[in-house]
Ligand SMILES: Cc1ncc(COP(=O)(O)O)c(C=O)c1O
């Protein structure tokens, strides 16, 4: 039974606060109150393991004093200075200098934002304004990938290649083109790597030629696709994209909002391929989620082209002092503690175990990802790669079991599933629809029991990194779900795994915790539900 305070907060939240990815007027019935390391606690004192790193933002975990104190010191000294009309501040300049130490190539010019969508929007605006400034005003169209996610503001939503996210929000702006993403397991062109000759990358050239290079301003993509399934392109992809962008004078923008800041085992994901884009959009991990912040890094060519031009794209909180101070502190930790190396090391450990322990399962089709941005793809039929329908079918029972039991006061159990299954377009959704490849962060609000803690996030294979014998039980359980879902003729999805980059090893050992408690828990919930007449 929840405390009166929790009930009040949950009830107010449910009636007054808009949450994404869940029907309006619903919440999870959980109010987080504090955090430390990889753990969160709710207002009832219940502990959760933060398996989602809060939208893949808290790369360094919760409670890092260096970042908190840097922001506090800055707030004490100077809490805000805008950058309009040439005003500047010490932390903003120092933050730019710090970023310049880690950005690739000549990307040492910056424009600060308050988040990721603002950064991708700013990147496109920068590119378009650049082309106008250098006398090529017709270069305005922007190409992005289907399955990509670049934000939900009116600007970035045009870049995002997930049609279901645009439905109901009015028409798309003209001038935005999409091409199929790199997704070898379900190649949009029906080809096989490597005989495909990188058709997905070469398609950029096809569309540039079809539209006319004089009309194309930029190409933007995530170096590793995030929201659509932690997908990684073949090694030739990014060098080829770089070549095409250079050949046709198209601005190459890497959206590192999710995959940047050590998440994939290098400081920026694009570093894996030693490719230097013209612009990088960044956010999330830039302050490790301690304060809202983002940045756009761009090269000398764009800087020189725009020099002397008064720019009219502005944000009140661009380069705000406290986020800049937090970013400097976070970057110092990334560098000094070799966090990228740790993500690569722990990621390899996890990938190896997925390969050895999950791939033999009949419902695991493939796995993908770099560093600690990893996923497995669950399929209804491994031979045909058929997917489950609805996509989350195999894991929904697990998620249901893990939900907090409804309080007897009538607090509603949330209907997260409804939010996840709203799409019924069928057909080509395997190519373009986010749910078709698993919108794993869509389930970040869910939780499940691991030892004496709850895991917040969608990390279904959490027991794959635990001790001997545990894996068989998990396999049996997942297989049973898959068989059941297959009988019901459903299709499949991908399940994501996210770790705080510096805590992965600790978390792995935690996963080896109290198996019995883990197994008892769902039954206790079901019993309680039955007692409440809800089953
Ligand atoms: C790759 C990518 N770009 C842009 C965004 C949008 O960032 P924000 O939610 O801060 O606007 C996200 C958010 O998840 C993202 O993953």
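The values are calculated or read from the model by the stated rules, or taken from the named source; none is laboratory data. It should be emphasised that the depicted structure is a prediction, and the values quoted were computed from it without experimental measurement. As a convention, Cβ positions derive from the backbone with ideal geometry for all residues, glycine included, and neighbour counts pool all protein chains shown.
Would you pick out the residues in segment 248-265 that are more than 15 Å from the ligand (Cβ to nearest atom) and under 14 Å from the mean Cα position of the chain (by Cα)?
From segment 248-265, those more than 15 Å from the ligand (Cβ to nearest atom) are 248-252, 262, 265; that's our starting set.
The answer is 262, and nothing else.
Mind checking which residues of segment 226-235 are away from the ligand (no atom under 15 Å from the Cβ) and either modelled with pLDDT under 95 or surrounded by fewer than 15 Cβ atoms within 10 Å (Cβ to Cβ) (or both)?
First, the residues of segment 226-235 that are away from the ligand (no atom under 15 Å from the Cβ): 234-235.
Residue satisfying the conditions is 235 alone.
Would you check which residues across segment 5-28 are under 21 Å from residue 54 (Cβ atoms) and not in a helix (DSSP H, G or I) and list them?
Answer for segment 5-28, where residues must be under 21 Å from residue 54 (Cβ atoms) and not in a helix (DSSP H, G or I): 17, 18, 19, 20, 21, 22, 26, 27, 28.
So which residues in segment 278-312 are at pLDDT 95 or above and farther than 25 Å from residue 58 by Cα?
Taking segment 278-312 first, the residues at pLDDT 95 or above are 278-309.
Once the filter is applied, which keeps residues that are at pLDDT 95 or above and farther than 25 Å from residue 58 by Cα, segment 278-312 yields 278, 299, 300, 301, 302, 303, 304, 305, 306, 307, 308, 309.
Considering only residues that are in contact with a helix residue (DSSP H, G or I) (Cβ under 7 Å, 6 or more places away or on another chain) and surrounded by 16 or more Cβ atoms within 10 Å (Cβ to Cβ), look in segment 184-199 and name the one that is farthest from residue 148 (Cα to Cα). Before you say what the answer is, go through the steps one by one.
From segment 184-199, those in contact with a helix residue (DSSP H, G or I) (Cβ under 7 Å, 6 or more places away or on another chain) are 186, 188-189, 191, 193, 198; that's our starting set.
Among the residues that remain, those that are also surrounded by 16 or more Cβ atoms within 10 Å (Cβ to Cβ) are: 186, 188, 193, 198.
On the way: 186: 15, 188: 14, 193: 21, 198: 18 Å.
Among those residues, the one meeting the criterion is 193.
Could you run through segment 82-109 and say how many residues are over 28 Å from the mean Cα position of the chain (by Cα), surrounded by 13 or more Cβ atoms within 10 Å (Cβ to Cβ) and at pLDDT 95 or above? It would help to see each step written out before you state the result.
The initial filter retains those residues of segment 82-109 that are over 28 Å from the mean Cα position of the chain (by Cα), namely 82-90, 93.
After this cut, where a residue has to be surrounded by 13 or more Cβ atoms within 10 Å (Cβ to Cβ) as well, the list is 82-83, 89-90, 93.
Those still in the list that are at pLDDT 95 or above too: 89-90, 93.
Within segment 82-109, residues that are over 28 Å from the mean Cα position of the chain (by Cα), surrounded by 13 or more Cβ atoms within 10 Å (Cβ to Cβ) and at pLDDT 95 or above number 3.
Could you tell me whether segment 154-175 includes any residue that is more than 25 Å from residue 381 (Cβ to Cβ), touching a strand residue (DSSP E or B) at 6+ places or on another chain (Cβ under 6 Å) and surrounded by fewer than 16 Cβ atoms within 10 Å (Cβ to Cβ)?
yes
Looking only at segment 268-289, count how many residues are surrounded by 24 or more Cβ atoms within 10 Å (Cβ to Cβ), away from the ligand (no atom under 12 Å from the Cβ) and over 15 Å from the mean Cα position of the chain (by Cα).
Final tally of qualifying residues: 4.
For residue 223, work out the one condition from (1) closer than 24 Å to residue 271 by Cβ; (2) surrounded by fewer than 24 Cβ atoms within 10 Å (Cβ to Cβ); (3) under 22 Å from the mean Cα position of the chain (by Cα) it doesn't fulfil.
The one condition residue 223 does not meet is (2).
Consider residue 54 against the criteria (1) on the phi > 0 side of the Ramachandran plot; (2) assigned to a helix (DSSP H, G or I); (3) free of Cβ contacts under 8 Å to residues at least 24 places away in the same chain: it satisfies all of them except one. Which criterion is unmet?
(3)
Going by the conditions given, is residue 49 in a loop (DSSP other than H, G, I, E, B), within 20 Å of the chain's Cα centre (by Cα), farther than 20 Å from residue 280 by Cβ and not assigned by TED's automatic domain parsing to the domain that holds residue 278? Working first, answer last.
Numbers: in a loop (DSSP other than H, G, I, E, B): no; within 20 Å of the chain's Cα centre (by Cα): yes; farther than 20 Å from residue 280 by Cβ: yes; not assigned by TED's automatic domain parsing to the domain that holds residue 278: yes.
In short, no.
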